[in-house]
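Structure record follows, encoded as structure tokens.
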Amino acid sequence: MVQRQFPKPAEVMEFLKIKLPEFGKDARLKKAFTVYDLRDIAKRRTPAAAFDYTDGAADQELSMTRARQAFEDIEFHPDILKPAANVDTTTQILGGTSAMPFGIAPTGFTRLMQTEGETAGAGAAGAAGIPFTLSTLGTTSIENVKKANPDGRNWFQLYVMRDRDVSYGLVERAAAAGFDTLQFTVDTPIAGNRMRDGRNGFSIPPQLSIGTILNALPRPWWWIDFLTTPKLEFASLSTTGGTVGDLLNSAMDPTISYDDLEIIRKMWPGKIVIKGVQNV
């Protein structure tokens with residue numbers, strides 16, 4: 001049997017040490033152990049329209065669900081009893097070095113979710129030694145992304161627009177800024193039916209309504225950031241009004257072809273990857 005004893009005050013006090021609460025971004029991040037934890041934090045702190053724009057997809061969101069499930073289905077099968085004292089995740093991606101076998105994908109309208117937007121993403125990618133990809137629909141200019149990640153690998157994701165000169169100009173600017181890879185994107189010739197955005201009445205720039213005001217009341221810090229930082233707009237497009245679908249349909253061109261790819265290939269000195277198709 002276990003021998004019982006009177007608790008010793010000194011030992012009891014070890015269990016009574018009170019940890020003071022922590023606040024702020026660093027405290028929230030310490031509590032996030034998975035990507036889903038980060039998603040929950042974002043949902044609590046971000047108005048519904050902005051969150052659903054980032055979290056949602058088109059129609060019934062079947063493709064997004066399948067993509068997530070594909071990642072969930074990946075299993076690691078570690079080798080055992082094989083010494084691995086010096087693990088090196090460095091690899092080659094599109095002719096350049098990356099500290100890990102992935103990079104940051106292009107995301108449109110990034111500053112809608114996080115105040116620093118692409119600047120933060122590019123800086124983080126540079127610190128981690130992985131590529132950062134700027135979207136045509138980004139909210140930070142090509143040149144400012146280069147400033148945020150001056151020595152790292154920067155990629156540019158290109159939508160070919162109806163006004164070809166706009167697209168050509170972006171290609172030239174990215175090349176001049178030293179971006180090493182161009183993602184020629186063909187998966188969005190027309191906008192998808194983003195039903196969450198429609199239900200939320202979401203537009204760019206965000207428009208206030210009774211519903212958005214009520215939803216914003218418990219999330220004041222997002223609105224403080226929104227109202228006290230530079231105007232939220234696309235850095236590479238001159239037309240920034242309307243829904244996401246309106247913007248895509250007015251800018252993107254469903255007639256793009258391999259002829260467009262050949263023209264841009266002659267303009268771009270680095271690597272080109274076709275984004276949006278398989279087996280190309």
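The values are calculated or read from the model by the stated rules, or taken from the named source; none is laboratory data. Given the structure is predicted, the values throughout are model-derived calculations rather than measurements. Please note: Cβ atoms are built from the backbone with ideal geometry, for glycine as well, and neighbour counts cover all protein chains shown.
Return the residues of the range 72-112 that are part of a loop (DSSP other than H, G, I, E, B) and among the aliphatic types (A, V, I, L, M); say none if nothing qualifies.
Ile74, Ile80, Leu81, Ala84, Ala85, Val87, Leu94, Ala99, Met100, Ala105
Take Glu22 and decide whether it is modelled with pLDDT under 85, farther than 30 Å from Asn200 by Cβ and surrounded by 10 or more Cβ atoms within 10 Å (Cβ to Cβ).
It is true that Glu22 is modelled with pLDDT under 85, farther than 30 Å from Asn200 by Cβ and surrounded by 10 or more Cβ atoms within 10 Å (Cβ to Cβ).
Considering each residue of the range 126-145, count those that are closer than 27 Å to Ile224 by Cα and out of contact with any helix residue (DSSP H, G or I) (no Cβ under 7 Å at 6 or more places or on another chain), and give that number.
4
Among the numbered conditions (1) under 26 Å from Phe234 (Cα atoms); (2) loosely packed, with under 12 Cβ neighbours inside 10 Å; (3) in contact with a strand residue (DSSP E or B) (Cβ under 8 Å, 6 or more places away or on another chain), tell me where Leu137 comes up short.
(2)
Please list, ordered by first then second residue, the pairs with beta carbon atoms under 7 Å, 6 or more apart or interchain, first in the range 56-77 and touching a residue at least 24 places away in the same chain (Cβ under 8 Å) and surrounded by 11 or more Cβ atoms within 10 Å (Cβ to Cβ), second in a helix (DSSP H, G or I) and of a type in the set (Gly, Ala, Ser).
Going by the 7 Å Cβ cut-off, the qualifying pairs are Ala57/Ser63.
Which number in (1) farther than 30 Å from Thr255 by Cβ; (2) without any contact (Cβ under 8 Å) to a residue 60 or more places away in the chain; (3) outside any helix (DSSP H, G or I) marks the one condition that Thr133 misses?
(1)
Could you pull out the residue among Ala216, Ala122 that is closer than 23 Å to Lys25 by Cα, at pLDDT 85 or above and in contact with a Phe, Trp or Tyr (Cβ under 7 Å, 6 or more places away or on another chain)?
Ala122
In the range 150-176, which residue that is surrounded by 18 or more Cβ atoms within 10 Å (Cβ to Cβ) and part of a loop (DSSP other than H, G, I, E, B) is modelled with the lowest pLDDT?
Once the filter is applied, the top-ranked residue is Val160.
Return the residues of the range 237-260 that are part of a loop (DSSP other than H, G, I, E, B), surrounded by 10 or more Cβ atoms within 10 Å (Cβ to Cβ) and modelled with pLDDT under 75; say none if nothing qualifies.
Once the filter is applied, which keeps residues that are part of a loop (DSSP other than H, G, I, E, B), surrounded by 10 or more Cβ atoms within 10 Å (Cβ to Cβ) and modelled with pLDDT under 75, the range 237-260 yields Leu237, Thr239, Thr240, Gly241, Thr243.
Give the residues of the range 177-213 that are at pLDDT below 80 and of a type in the set (Gly, Ala, Ser), sorted by residue number.
Within the range 177-213, Ala191, Gly192, Gly198, Gly201, Ser203, Ser209, Gly211 qualify.
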